[in-house]
Amino acid sequence: MPWRETTPMDERVQFVADARRGHDGMLTLCRRYDISRKTGYKWVARYAAGGVSALLEQSRRPHDSPRAPRSRWSAAWVVYVSPRVSSAFSEWKNDSAWALSPAQRQCIPAAA
């Protein structure tokens with residue numbers, strides 16, 4: 001007898017179909033399919049909200065980035081502040097040692 005090949009999507013659809021029939025409880029179904037109850041309830045809710053297409057894998061990417069500017073105002077603030085910050089540090093940036101290339105900096109003698 002050959003092995004039965006199924007995809008994760010087939011298993012999800014079968015799980016939701018068994019859950020909607022209502023013959024077994026959620027705990028029994030989840031044990032049979034070897035998933036957590038939280039996942040079982042999530043799949044049933046997704047199916048109820050969007051049908052079979054809602055059972056597809058969804059992106060795990062965060063909706064927002066903690067390092068991204070929160071609004072146009074904060075992005076404008078960064079643009080407004082950055083020239084002041086760069087001019088404040090321009091004195092040490094324009095030091096003669098930093099104006100040289102990395103190869104030239106290696107040739108600078110140590111202070112005696």
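The values are calculated or read from the model by the stated rules, or taken from the named source; none is laboratory data. Quick caveat: nothing in here was measured; it's all calculated off a predicted structure. A quick note on method: Cβ atoms are made from the backbone with ideal geometry, for glycine too, and the neighbour counts reach across all protein chains shown.
Summary of computed values
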read-out	value
Failed condition for I35, given (1) surrounded by 13 or more Cβ atoms within 10 Å (Cβ to Cβ); (2) in a helix (DSSP H, G or I); (3) of a type in the set (A, V, I, L, M, F, W, C); (4) without any contact (Cβ under 8 Å) to a residue 24 or more places away in the chain	(2)
Residue match in region 102-111 (condition: part of a helix (DSSP H, G or I), modelled with pLDDT under 60 and not aromatic (F, W, Y))	yes
Cβ pairs under 6 Å, 6+ apart, first in region 58-75 and surrounded by 10 or more Cβ atoms within 10 Å (Cβ to Cβ), second at pLDDT below 60	P69/A75
Odd one out for P62 among (1) part of a helix (DSSP H, G or I); (2) at pLDDT below 90	(1)
Qualifying positions in region 7-32 - of a type in the set (S, T, Y) and surrounded by 10 or more Cβ atoms within 10 Å (Cβ to Cβ)	T28
Tabulated pairs, region 45-57, first of a type in the set (V, I, T), second surrounded by 12 or more Cβ atoms within 10 Å (Cβ to Cβ) and part of a helix (DSSP H, G or I), C-beta under 9 angstrom, 6+ apart or interchain	V52/M9; V52/R12; V52/V13; V52/V16
Residue satisfying condition, being in a helix (DSSP H, G or I), among the aromatic types (F, W, Y) and modelled with pLDDT under 90, within set W43, W77, W3	W77
